[in-house]
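Below: one structure, written as C-alpha cells.
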C-alpha cells in the first residue's frame, strides 16, 4: 500500500514538474518577457529587477533541462534503432557525413577556396 501511494505521488510530481518541457519553456520565456517589460517601465524598482532576475534564471534552467531531455531521448533512440541498417541509421550517417564535410577553406590572405584539389594543396602546405 505504501509503494502505491509513493507511485501516485511521484506521478503527480512528474506531471506538474517535469512533463511537457517544451510548453514550460515557452511559458517561462513569456514570463521573462513580461518581467523585462515591467523592468523597462520602472528601471529603478528593486522588485522589478528581482522578478526579472528570477524569471531569467527560471527560463535558462528550463532551457538546460529541455536540452538534456532531448539529448537523452536521442541517445535512447540511437540505442534502440542504431546500427540495424534502418532508415534512421542511414539518415544519421548522412547528417554526420554532411556535418564533417569541408566545403570551403580560407587562406591566409582571406581568399575562399572551394576547389577540392586546391584545398588539399593548402592543407599540405599548412603542415609543411
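The values are calculated or read from the model by the stated rules, or taken from the named source; none is laboratory data. Because the structure is a prediction, the values reported are computed rather than measured. Here the Cβ positions follow ideal geometry from the backbone for every residue, glycine too, while neighbour counts run over all protein chains shown.
A few comments on the model shown:
- Helices (runs of 4 or more DSSP H) (entirely within the stretch 18-107) containing at least 3 residues that are under 30 Å from residue 120 (Cβ atoms): 87-100
- Scanning the stretch 96-119 for residues that are under 25 Å from residue 74 (Cα atoms) and surrounded by 10 or more Cβ atoms within 10 Å (Cβ to Cβ) gives a single hit, 96.
- On inspection, residue 122 qualifies as in a helix (DSSP H, G or I), surrounded by 13 or more Cβ atoms within 10 Å (Cβ to Cβ) and not assigned by TED's automatic domain parsing to the domain that holds residue 26.
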